[in-house]
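Quick note: the coordinates plus some simple rules give every number you see, no bench work behind them. It should be emphasised that the depicted structure is a prediction, and the values quoted were computed from it without experimental measurement. Virtual Cβ from ideal backbone geometry, glycine too; neighbours counted across all protein chains shown.
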Amino acid sequence: MTEAQLEGILYDFIRGDYDVLVTTTIIETGIDIPNVNTMFIENADHMGLSQLYQLRGRIGRSNRVAYAYFMYQPNKVLTEVSEKRLEAIKDFTELGSGFKIAMRDLSIRGAGNLLGKQQHGFIDSVGYDLYSQMLGDAVAKKQGKQQRNKTDATVELGLEAYLPDTYIEDQQQKIEMYKRIRQIETKEDLTEVQDDLIDRFGEYPSEVANLLAVSQLKVQADAALIDKMHRKKDIITVTFSLKGTDEFSGESVFKALAKTKLKATVNLQDDHLIVGLVIQPKMAAPDWLNELTLFVKALSEMAASSVAE
């Protein structure tokens, strides 16, 4: 709209020619209409905390009781940041909440300037997850905590491990759940995701069970300094990184192998430690996957204990 059109519509609204005004977020920029007492904000989860605060400030500008409704799509899984923003805007409703809102916004977004001159740094260039990991590593280093070496293991086991459309139909919910599963690190995290899946979508099929198991296996493989796990027919080849080859002695590997029923071969190839695990005849996928997990878990615990020492 032109400036004249905007001015005319707002003047008519203030004068009471109509009772409902549909507008974009342009309404946040200092409009003062004392008789307005109700606001509906669509897709509030897409907006920043300061923007939500400014929008809410357009109502309640007289002695009339005012109401602001922050809406988002039904059945949508909110991101952690969006949920925190909406929680903050709900919590701070008293007069003079601006400073508290600003402090909560700072705690949600972080003080920034880690990777650039902007307030939030160049998060878009590295991704939020990597940014958070780098920030956590930097804080731990400042605190004098010893960092564990980790890899980004590739897990190729030929299993049906995914979220079927018949289990979770909504694509946005599916993406959010994939992200949560990828972030599982502890047994408590796994239990929480399992409970949430059952509570929201019912008992999960074998494909989802495999996905959860592989996710846990990858976390332990990263800690055990494994580069790759690949299954071809009845042989699972576990390739360690060069750091893993240096850290784990033959004795350590054989101790870990003692935890599993899988037969194994151990050798060096291009300076990389290679372990070949043989799946026993008639052994079902959940069984050999569990045996593989026991082996990798034992290695990850050895790596953790060596760091602690």
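Odds and ends about this structure:
- Distant-in-sequence amide H partners of Leu163 (H built 1.01 Å from N, under 5 Å): none
- The stretch 211-221 - phi-based ³J(HN,Hα) in whole Hz, Karplus 6.51/-1.76/1.60, Gly and Pro as x: 4, 5, 5, 5, 4, 5, 4, 5, 4, 5, 5
- A crude spin-label estimate for the pair Tyr18 and Met134, with each label 7 Å from Cα along the Cβ direction, gives 4.8 nm.
- Footprinting exposure proxy for Tyr53, Tyr67, Tyr162 (fewest neighbouring C-beta atoms within 10 Å first): Tyr67, Tyr162, Tyr53
- Too-long pairs where the Cα-Cα distance tops 21 Å, listed order kept, from Lys179/Lys297; Lys232/Lys261; Lys179/Lys218; Lys150/Lys233: Lys179/Lys297; Lys150/Lys233
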